[in-house]
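Take a look at the structure below.
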Amino acid sequence: MAIEWSAEAGEFHLRNDLISYVVRVLENDWLGHVYFGSALAEGKSYGHLIPQEFFGFSNRLGEPVPLEYPSGGSGDYRIPAVSIELSDGSGVLDLRYKSHRIVQGKPATPGLPSTYVEVGGEAETLEVILADDIARLQVQLLYTIYRDRPVIVRSARIINSGSVSVIIRGAMSASLDLPDSDWQLISLSGEWARECHVERLALRPGRQSVSSTRGASGAQHNPFVVLARPETTEASGEAIGLGLAYSGNFVAEAEVEPFGTARLRTGINPDGFSWVLEPDAEFATPEAILAYSAAGLGELSDAYHRLFRERMVRGSWRDRARPVVINNWEATYFDFDEPKLLAIATAAKEMGIELFVLDDGWFGRRNDDTTSLGDWQVNLAKLPDGLDSLARKVEALGMRFGIWIEPEMVSRSSDLFAEHPDWTIGIPSRPRTEGRTQYVLDMSRPEVVDHLFEVLSKVLGSAPISYVKWDMNRTLTEPFSPTLPAWRQGEFLHRHILGVYKLYDRLTKAFPGILFESCASGGGRFDPGMLAFAPQGWASDDTDAIERIKIQWGTSMAYPINSISAHVSAVPNHQVGRITPLATRAAVAYFGVFGYELDPTAMSAEERAAITDQVAFYKQWRELFQRGRFLRLRSPFEGDRDEAAWMTVAEDGRSAIAAHYQILSRPNPGPKRLRLRGLDGTASYRVSIWPSVGDSDGVPIGPAILGGDELMAAGIVLESSRESAGGGDFRSRLYVLEAL
Ligand code: DGJ
């Protein structure tokens with residue numbers, strides 16, 4: 001890996017064995033974009049890729065000059081990377097190359113989550129300074145390339161070197177000009193309980209974007225998009241990924257202009273955002289993470305999985321096996337007491353489950369969702385012996401103990417609100433909008449962050465707590481803080497999310513042994529930024545196995561499997577009323593951080609025995625499930641949408657587990673095969689079906705010893721028509737492969 005600078009050509013070439021990213025100082029000192037894609041030879045200039053006769057910098061306005069950090073108002077009419085209002089009210093910038101330096105490693109982004117290196121030689125960073133001498137403004141562009149990842153991490157810092165304030169109206173983390181627009185935009189979109197559904201639409205002239213204005217990244221769109229060629233599949237074709245390490249309002253947008261080029265950008269959503277930049281002050285954007293694959297979406301996801309797992313997640317839990325949990329939410333909701341919880345924990349322990357999570361309702365006077373958020377003292381009416389006593393009893397069973405918190409919120413009916421009504425977000429002259437009968441605390445105020453740190457530290461230090469589920473159950477309204485002057489209110493939502501990060505940072509550092517899980521009514525804030533604090537997230541409140549296939553498939557486009565919490569719940573399912581076999585519920589949840597969300601004391605002995613087997617199976621293969629290479633095989637969003645398949649394969653290819661889900665039963669189907677990927681083509685594998693309750697077990701699938709070449713080229717024979725006809729809906733089958 002290296003960053004080459006050719007002074008003669010005025011060209012930077014960021015290169016490793018997988019990718020090249022080429023940037024060039026154009027004749028007028030604008031910073032031009034030359035190339036992003038598969039690795040190109042070093043020691044050469046690629047400047048001719050920007051056709052000078054076309055991009056003549058003459059008076060031909062509107063020409064699509066490919067730029068690294070474009071601004072509007074002087075002939076570039078596409079979506080800008082940066083918009084600044086200067087002190088005279090004008091908004092035109094002319095950013096020209098001034099200097100650069102190349103440094104080992106990677107600098108952190110102040111106050112924001114960022115990817116990192118452990119040793120300097122792992123990555124190199126190019127810092128380019130652009131400046132507008134009239135505006136007296138500098139922009140520092142940062143580009144990091146890792147030694148062995150097809151990834152470029154970008155961010156920008158805006159520096160006011162003048163003597164008067166300016167207003168940032170928009171500052172993207174990255175902007176990428178592509179020479180053609182023959183791409184499809186893939187987004188992960190949805191709503192509560194159906195997060196991260198894969199949408200794929202061809203780019204067309206004009207702008208196509210996904211964004212959030214909700215104060216959180218949101219369940220509606222994830223801050224992660226992909227551009228894929230029309231022919232790109234999971235296993236072949238070009239794809240460019242663009243993720244944003246940010247948990248607040250974001251935009252990810254593509255624009256096709258009349259010459260047919262495309263511009264892609266991501267960053268803080270300029271809608272509702274502004275930032276007053278005083279003399280000498282600097283504004284840092286969040287990081288954008290670009291990745292490239294010439295071999296399909298699977299390889300692109302693999303790059304993100306590895307980066308996020310290895311260099312975004314931090315702390316003692318990064319590399320540790322994640323425990324199998326049981327969470328009491330769907331088992332009890334708010335209706336519990338200590339004996340009930342201990343009965344669940346005891347039954348769970350007997351089935352091999354390792355950690356008991358006490359969800360919402362353990363604090364204040366909270367018996368429903370109308371009260372007590374903010375009052376982080378144990379509810380003695382429900383738990384008269386306190387949290388410590390319960391946690392110790394759970395530990396005495398041989399399990400670990402975890403709790404649910406929702407730090408950023410306050411109920412109108414709470415002691416905290418009575419004491420500090422002004423800590424709540426809202427505009428003093430207007431009523432505040434309630435959501436789930438709660439308000440949001442103003443995290444831009446340091447005293448609010450300090451208070452939460454203090455009270456939550458007290459809770460986390462008061463009992464043997466090994467795990468925290470950090471929830472966030474409403475979006476933001478009336479964005480305003482009385483602590484900010486009128487002209488700074490546009491800063492509020494960003495300042496708020498910086499406060500959220502501050503609290504996360506302080507708590508995770510103060511309690512390094514605790515495993516944090518992020519949550520926002522399920523996947524309402526499942527984004528790359530959160531992974532810097534919470535190694536895993538609750539991907540959706542929807543625990544139905546069939547819905548989860550789609551949600552986990554979509555989430556896995558960007559996020560590693562060991563960041564996706566997935567629980568088996570009771571039937572009929574609480575979100576959709578569907579009845580699925582217990583085996584299928586587990587067969588979906590295995591491909592995540594596995595757990596349960598049900599009342600085992602209400603289950604039959606047979607079901608409990610099946611769960612005991614499931615837990616043992618997961619533990620046996622935990623390393624493979626949590627850290628294997630995850631490959632999507634058959635999409636629930638394509639074809640007849642009545643089946644899906646995916647697999648995980650060990651780094652060395654010696655073991656793998658594939659899952660096939662027959663979502664709806666087909667009448668009289670023909671013989672079907674499923675081609676696997678990622679195996680060792682020279683190895684022979686023992687292939688066994690993993691049996692469990694509710695499945696048609698033990699049906700022979702041909703020879704039990706099959707070659708990796710055959711499994712990948714010809715495939716596994718899935719099932720016979722006899723089985724399929726009588727098997728019913730929602731069936732699943734797991735194939736365990738072990739190389740001989
Ligand atoms: C929303 C979460 O996603 C659920 O899992 C649960 O923790 C509830 N909140 C509790 O209020």
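The values are calculated or read from the model by the stated rules, or taken from the named source; none is laboratory data. Just so you know, these numbers come straight off a predicted model, no measurement behind them. Using ideal geometry, Cβ is built from the backbone for each residue, glycine included, and neighbour counts are taken over all protein chains shown.
Quick notes on this structure:
- Selection count where residues are under 28 Å from N562 (Cβ atoms) and either touching a Cys at 6+ places or on another chain (Cβ under 8 Å) or assigned to a loop (DSSP other than H, G, I, E, B) (or both), scope the stretch 334-360: 6
- The stretch 496-513 - residue that is in contact (Cβ under 8 Å) with a residue 24 or more places away in the chain and surrounded by fewer than 19 Cβ atoms within 10 Å (Cβ to Cβ) and, of those, nearest to the ligand (Cβ to nearest atom): F511
- Residue match in the stretch 352-374 (condition: crowded, with 16+ Cβ neighbours inside 10 Å, of a type in the set (K, R), more than 28 Å from the chain's Cα centre (by Cα) and under 12 Å from A463 (Cβ atoms)): no
- Qualifying residue in the stretch 164-180 (condition: basic (K, R), surrounded by 21 or more Cβ atoms within 10 Å (Cβ to Cβ) and within 24 Å of L493 (Cα to Cα)): no
- Annotation: of all residues in the stretch 681-718 being at pLDDT 55 or above and surrounded by 20 or more Cβ atoms within 10 Å (Cβ to Cβ), the one that is nearest to E547 (Cα to Cα) is W690.
- Filtering L373, L380 for residues that are part of a loop (DSSP other than H, G, I, E, B) and free of Cβ contacts under 8 Å to residues at least 12 places away in the same chain leaves a single hit, L380.
- Hits in the stretch 342-364 - residues which are within 15 Å of the ligand (Cβ to nearest atom) and of a type outside the set (D, E, K, R): F356, V357, L358, G361, W362, F363, G364
- Residue selected from the stretch 449-498 under the condition over 26 Å from the mean Cα position of the chain (by Cα) and among the aromatic types (F, W, Y), by the criterion farthest from Q438 (Cα to Cα): W487
- Meets criteria (away from the ligand (no atom under 16 Å from the Cβ), surrounded by fewer than 16 Cβ atoms within 10 Å (Cβ to Cβ) and not in a strand (DSSP E or B)) for R318: yes
- Residue satisfying all of: in the stretch 458-489; of a type in the set (A, V, I, L, M) and touching a Lys or Arg at 6+ places or on another chain (Cβ under 8 Å); nearest to the ligand (Cβ to nearest atom) among these: M472
- Just one of the numbered conditions (1) touching a helix residue (DSSP H, G or I) at 6+ places or on another chain (Cβ under 7 Å); (2) over 20 Å from A583 (Cα atoms); (3) acidic (D, E) is not true of E607: (2).
- Filter result for L307 (within 20 Å of the chain's Cα centre (by Cα) and under 30 Å from L130 (Cβ atoms)): yes
- The set of residues from the stretch 68-90 being assigned to a strand (DSSP E or B) and touching a residue at least 60 places away in the same chain (Cβ under 8 Å) comprises V82, S83, I84, E85.
Residues checked against (1) within 24 Å of G513 (Cα to Cα); (2) within 16 Å of the ligand (Cβ to nearest atom):
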| position | (1), (2) |
| --- | --- |
| D369 | no, yes |
| L380 | no, no |
| L397 | yes, no |
| R400 | yes, no |
| D415 | no, no |
| P421 | no, no |
| Y439 | no, yes |
| E454 | yes, no |
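- Every condition in (1) among the charged types (D, E, K, R); (2) in a loop (DSSP other than H, G, I, E, B); (3) free of Cβ contacts under 8 Å to residues at least 24 places away in the same chain is met by E478 except one, and the failing one is (3).
- Residue in the stretch 540-552 that is of a type in the set (G, A, S) and within 14 Å of the ligand (Cβ to nearest atom) present: yes
- Boolean, S189 is in contact with a helix residue (DSSP H, G or I) (Cβ under 9 Å, 6 or more places away or on another chain), hydroxyl-bearing (S, T, Y) and surrounded by fewer than 22 Cβ atoms within 10 Å (Cβ to Cβ): yes
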